[in-house]
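Working notes, beginning with the structure itself.
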Amino acid sequence: MLYPILWMIISSFKPTQSILSDNSLWPKDLTLSNYIKGWKGTSGTTFATFYLNSFSMVGLAVIGNVLSCSLTAYAFARLEFKHKKIWFALMMMTMMIPMHVLIVPQYIIFNKLEWINTILPIVVPKFFAVDGFFIFLTVQFIRSLPRELDEAATIDGCGPIAIYFRIILPLTVPAIVTTTIFTFIWTWNDFFSQLLYLSGVEKYTVTLALRMFTDAGGEAALGSLFAMSVLSIVPVFLIFVFFQRYIVEGIATSGMK
Amino acid sequence: MLNLFDQKRWSSIIPYLFLAPWLIGLVVFSGFPFLSSLYLSFTNYNFVSSPNWVGLKNYLTMFTQDPQYFQAIKVTVTYVLVAVPLELSFALFLALLLNKGIRGLGIYRGVYYIPSLIGGSVAIAILWQQVFGDSGIVNQLLGYAGIDMPSWVGTPDYAIWSLILLKVWQFGSPMVIFLAGLKQIPQEFYEASSLDGAGKWKQFIHITLPCLSPIILFNGIMQIISSFQAFTPAYIISNGTGGPVNSTLFYTLYLYQNGFGNFQMGYASAMAWSLLLIIAFFTGLIFLTSKKWVHYGDQG
C-alpha cells in the first residue's frame with residue numbers, strides 16, 4: 001500500500017544516478033544534496049517563496065470557508081426565513097455542479113477584475129460560502145445540538161446574533177476543525193485552479209513549482225524532483241497525523257469523498 | 001408600538017444578515033457563471049472579440065466532426081467504468097477484513113486512508129510516472145516474475161491502466177464509509193442465520209450486501225461524479241498532452257486544452273455542459289436501477 005510512497009521518500013535521499021538502478025529500500029549512501037538542490041527552485045525563485053505562496057493561499061481559503069460556511073449554516077439550521085426549503089435545495093444543487101461548467105465565465109469575471117496571476121480567484125470565493133459541502137456538514141452538526149440551549153438563551157434575553165456567538169459558535173468547534181482540515185488539504189492539492197490562475201513563477205505554489213520541475217526535468221533532476229515531492233506532502237501528512245480522529249470520523253459520519 | 005414594530009422588522013432581517021455572504025456567492029460565483037456558460041456554449045468565443053451566436057454548431061461539431069472528442073469520451077468512460085467498480089470492490093473487501101475486530105484497527109484504517117488524501121496531488125502523479133515508467137518498480141517486480149513490459153505511461157494500451165490503478169489505490173475513503181456501514185448491521189441477523197445453517201458466503205449475499213446497499217449506492221455515485229472530473233494525474237503523467245496517442249486524454253483535460261490552450265471558450269463551455277449531462281445521465285441511470293437492488297431498512 002504505502003510501498004510507492006516509502007520508495008519515493010528513500011529515493012529522495014539517494015544520489016540521482018542510483019535512484020532507478022539501486023532499488024533496495026536501504027541504500028548504501030544517503031545524501032541531502034537532492035533537498036539542497038531542489039530547494040533552490042528555478043530562475044532565482046526558491047521553494048521558500050513557493051511555500052509562502054501556498055500557505056498564504058491555503059490560510060486565507062481556510063479563514064474564508066470557516067467564517068462564511070458557519071454563518072450560512074446557522075441561518076439554515078436555526079433561523080426562519082421565506083422559502084427556506086428552496087434555498088436549501090439550491091445550496092445542495094450547487095454541490096452537484098461540476099466546476100468545469102462554471103470555470104469559463106468565472107475566468108472571464110476574474111480577468112475583468114484583473115485578478116489573474118493572483119491568489120484572489122482561488123481565495124475570495126471562499127469568503128462567500130461557495131463550498132456547499134461544508135455548509136451541509138455544519139448544518140447537520142448544528143441540528144444535532146439540543147434546541148433547549150437556544151430557548152434558555154432566548155429567555156435570558158439573547159437574540160439570534162447573541163445565540164450564534166455565545167452558544168452555537170463555541171459548540172460547533174468540531175465542525176470548524178473538520179472544515180479547516182479539508183479546506184487545507186483540498187486547496188493545497190487543487191492543481192486545476194492554481195494552473196488556471198497563477199502564471200508567474202514568483203506567484204507559483206508548491207504544486208505548480210513541482211509541475212515546472214517535471215517540464216524542466218529529465219533524469220538528471222529526478223532526485224530533486226522526488227525530494228520536493230516528498231516535502232510537498234509533508235503538510236498534508238502532518239495534518240493527517242494530528243487530526244486523524246477528526247478526519248476518519250468526519251468521513252464516516254458525513255460520507256465525504 | 002413603534003418600537004415593537006421595529007423589533008419585528010429587525011428580527012426578520014437578521015436571517016438575511018447571516019445568509020448575505022452565501023447569497024452573494026450564489027449569484028456571483030455560481031448562478032451567473034452557470035447561466036452564462038450555457039449561453040457561451042451556443043457561441044463562438046475566443047476571449048478577445050465578443051462572442052457571436054452560432055446556435056448548436058459547437059454541439060454538432062463535438063458529436064459529428066471531432067474525433068478527439070470521441071477519444072476523450074472513450075478514455076473517460078473506460079476509466080470510470082473500470083476504476084470505480086474495482087475501487088469499490090477493493091474497499092468493500094478490506095472493510096470486511098478489518099471489520100473482524102482485529103488489533104490495531106485504527107492504524108490499518110489510517111494507513112489505507114493516506115492515499116485518499118494525497119492521491120490527487122501532483123507529487124503522487126509524479127511518483128506514479130516513475131513507478132510505471134520503463135524501469136520503474138512495477139516493471140522491475142514484473143521482471144522478477146519473468147514478464148517483460150514496456151513503459152506503462154509511455155505505451156498507448158497501458159497508460160490508462162496506470163491511471164486506473166492510481167484511482168484504485170485510493171480506495172481508503174470508500175472503505176472507511178463501508179466500515180461505518182458494517183458497524184450498523186445488527187449482529188442478530190448473523191446469529192439468526194447461522195442457527196438456520198447459513199454459511200459465510202450465504203450470509204454475505206443475503207445479509208451484508210443488502211444491508212450495505214444504500215452505502216454502495218452512495219459510494220458509487222460519489223466516486224462516479226468525482227472520477228468523471230479527474231484531471232491532475234492525466235495532466236502530469238502526459239505533460240498536459242493526453243498522450244501517448246491521446247490514450248490518457250481525459251474529458252477535463254481536453255476541455256482545458258480547448259478553453260485555455262486554444263481559447264475556444266464557446267466550445268469548452270459546450271463540452272462542460274455536455275459533461276454535466278453525461279454525469280446526470282449516469283447517476284440517473286444508477287438511481288433508476290437502484291430501486292431493484294438497494295434495500296432500505298424500513299422496507300424490511
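The values are calculated or read from the model by the stated rules, or taken from the named source; none is laboratory data. As the structure is a computational prediction, the values presented were derived from the model and not from experiment. So basically every Cβ, Gly included, is an ideal-geometry build from the backbone, and we count neighbours across all protein chains shown. Side chains included, ligands, DNA and RNA excluded: accessible areas come from the protein's heavy atoms. Shrake-Rupley method; radii C 1.70, N 1.55, O 1.52, S 1.80 Å.
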Filter result for the condition that a residue is modelled with pLDDT of 95 or more, farther than 30 Å from B:Thr283 by Cα and assigned to a helix (DSSP H, G or I), over A:Ile109, A:Ile135: A:Ile109
Taking the stretch B:242-268 and keeping residues under 21 Å from the mean Cα position of the chain (by Cα) and polar (S, T, N, Q) leaves B:Asn246, B:Ser247, B:Thr248, B:Thr252, B:Gln257
What is the number of the single condition among (1) small (Gly, Ala, Ser); (2) modelled with pLDDT under 95; (3) open to solvent by 10 Å² or more (accessible area, probe 1.4 Å) that A:Ser193 does not meet? (2)
Starting from the stretch B:109-127, take each residue that is over 11 Å from B:Ile236 (Cα atoms) and list its partners that are modelled with pLDDT of 90 or more and basic (Lys, Arg), counting only C-beta distances under 9 angstrom and pairs at least six apart or across chains. B:Gly119/B:Lys167
Only one residue in A:Phe81, A:Phe127 is under 26 Å from B:Lys8 (Cβ atoms), surrounded by fewer than 20 Cβ atoms within 10 Å (Cβ to Cβ), at the interface with chain B (Cβ under 10 Å from one of its Cβ atoms) and touching a helix residue (DSSP H, G or I) at 6+ places or on another chain (Cβ under 9 Å), so which one is that? A:Phe81
Looking only at the stretch A:134-172, which residues are touching a residue at least 12 places away in the same chain (Cβ under 8 Å), open to solvent by 60 Å² or more (accessible area, probe 1.4 Å) and of a type in the set (D, E, K, R)? A:Arg143, A:Arg166
Subset of the stretch B:239-252, residues surrounded by fewer than 24 Cβ atoms within 10 Å (Cβ to Cβ), within 11 Å of chain A (Cβ to nearest Cβ) and either in contact (Cβ under 8 Å) with a residue 12 or more places away in the chain or not polar (S, T, N, Q) (or both), comes to B:Gly240
Residues that are more than 11 Å from chain A (Cβ to nearest Cβ), open to solvent by 30 Å² or more (accessible area, probe 1.4 Å), among the hydrophobic types (A, V, I, L, M, F, W, C) and part of a helix (DSSP H, G or I), drawn from the stretch B:144-183: B:Trp161
Which of (1) facing chain A (nearest Cβ under 9 Å); (2) open to solvent by 20 Å² or more (accessible area, probe 1.4 Å); (3) modelled with pLDDT under 95 does B:Asn219 not meet, given it meets every other one? (2)
Filter result for the condition that a residue is part of a helix (DSSP H, G or I), open to solvent by 50 Å² or more (accessible area, probe 1.4 Å) and more than 21 Å from A:Phe134 (Cα to Cα), over A:Leu60, A:Leu67, A:Leu90, A:Leu52: A:Leu52
When you scan the stretch B:28-65, how many residues do you find that are assigned to a helix (DSSP H, G or I) and either open to solvent by less than 90 Å² (accessible area, probe 1.4 Å) or more than 11 Å from chain A (Cβ to nearest Cβ) (or both)? 19
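Criterion first (surrounded by 18 or more Cβ atoms within 10 Å (Cβ to Cβ) and under 9 Å from the mean Cα position of the chain (by Cα)) does B:Ala234 satisfy it?
In short, no.
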Taking the stretch A:95-124 as the region of interest, how many residues are open to solvent by 30 Å² or more (accessible area, probe 1.4 Å), within 13 Å of B:Ser30 (Cα to Cα) and either free of Cβ contacts under 8 Å to residues at least 60 places away in the same chain or touching a Leu at 6+ places or on another chain (Cβ under 7 Å) (or both)? 5
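Listed here are the residues, each with its yes/no results for (1) open to solvent by 20 Å² or more (accessible area, probe 1.4 Å); (2) within 13 Å of the chain's Cα centre (by Cα).
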{"position": "B:Lys202", "(1), (2)": "yes, no"}
{"position": "B:Ile205", "(1), (2)": "yes, no"}
{"position": "B:Thr208", "(1), (2)": "no, no"}
{"position": "B:Ile225", "(1), (2)": "yes, yes"}
{"position": "B:Phe228", "(1), (2)": "no, yes"}
Of the numbered conditions (1) more than 22 Å from the chain's Cα centre (by Cα); (2) more than 11 Å from chain B (Cβ to nearest Cβ); (3) assigned to a helix (DSSP H, G or I), A:Ile163 fails exactly one; give the number of that condition. (2)
Of all residues in the stretch B:94-127, how many are of a type outside the set (A, V, I, L, M) and over 20 Å from the mean Cα position of the chain (by Cα)? 9
